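First the structure, in the form of structure tokens, and then the observations on it.
The values are calculated or read from the model by the stated rules, or taken from the named source; none is laboratory data. Here the structure is a predicted model, which means the values were calculated and not measured. Backbone-built Cβ (ideal geometry, glycine too); neighbour counts: all protein chains shown. Areas reflect the complete protein model, heavy atoms only, side chains present, ligands, DNA and RNA absent. Shrake-Rupley method; radii C 1.70, N 1.55, O 1.52, S 1.80 Å.
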Amino acid sequence: MTDLLGLAATPSLVIGGASGIGRATARMLGQAGAAVAVADLDAAAAEQVAGEIRAEGGKAVSLGGDVLDPKGATGIVDGARSALGGLEVVVNIVGFAAWSRLLDYDFATWNHDLQRNLNHHLFVGQAAARRFIEDGIAGRIAMVASVSGLYGAPNHAAYGAAKAGVMALARSMADEWGSHGIRTNAVAPDCIRTPRVVAGFESRGVTDPDDVVRADGMPLARWGHPEEIAGPLVFLVSKMSSFLSGQTLVVDGGMRAHFPHGGTNPMRAKLSDR
């Protein structure tokens, strides 16, 4: 059978791999034949995912650690490289949306949100690129941004600013490191049914999150699933995207294609008739 993705035996690191999009990505890489290091702040949960990959016949190890500071990020990258006997792929999922009005932000809160959603992408990217260059590897880096970095981000402005920064950082990394064969890209998801997001909606009394995107007129009229972001991430680190670098794939159920003033949204049809 042809290794269409070119990932067989490829040493790959997934940071934030213990749940949601990270878990789906780690498992999909394992199913594609990659050797996977699952890294997470929750070491026990990372090992559980690594065990799931091994149970399916794949090769996987787990790592615990925090990438929010440069030493922690370097430790995770070097730990994966050592455990797997090399490193060619890094996928960084880590991110957390906090909510606050702009007028209520203080510097500590703002800075903390940037640390959780932007700074670590620099630390991980630097650590990975240094090892790729040292080893003579045409490495691949994929990062998770968000559509909140493309639109306004009301009540989570720091998150939106950070995610816009992730997309800009992917372009800069691609530009500076491309001469070494290193490719860097990002994925910007819209509404995805991760356990944390679903729990947040349920806590506010929303039993079916799909109702929210239907009201907004999303063409596919449903939330995405973690596997539907994992797929584009795996594509970005595969040989199928070998001439793609510095890009952000927007995976949003068609939302950016939707005309915002009525259009095909049946919930606004009466307004269009006036």
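Structure above, values below:
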read-out	value
Qualifying positions in the range 120-150 - of a type outside the set (A, V, I, L, M, F, W, C) and under 18 Å from the mean Cα position of the chain (by Cα)	HIS120, HIS121, GLY125, GLN126, GLY139, ARG140, SER146, SER148, GLY149
Within the range 26-65, considering residues that are surrounded by fewer than 24 Cβ atoms within 10 Å (Cβ to Cβ) and in a loop (DSSP other than H, G, I, E, B), the one farthest from the chain's Cα centre (by Cα)	GLY57
Tally of residues being open to solvent by 50 Å² or more (accessible area, probe 1.4 Å) and in a helix (DSSP H, G or I) across the range 1-25	1
Selection from the range 161-197 of residues that are touching a His at 6+ places or on another chain (Cβ under 6 Å) and either within 24 Å of ARG101 (Cα to Cα) or touching a residue at least 60 places away in the same chain (Cβ under 8 Å) (or both)	VAL166
Qualifying residues in the range 168-204 (those that are in a loop (DSSP other than H, G, I, E, B) and under 28 Å from HIS261 (Cα atoms)) - the one most open to solvent (accessible area, probe 1.4 Å)	ARG204
Residues satisfying the stated conditions in the range 198-220, i.e. out of contact with any Ser or Thr (no Cβ under 9 Å at 6 or more places or on another chain), more than 21 Å from ALA98 (Cβ to Cβ), touching a residue at least 12 places away in the same chain (Cβ under 8 Å) and not acidic (Asp, Glu)	VAL213, ARG214, ALA215, MET218, LEU220
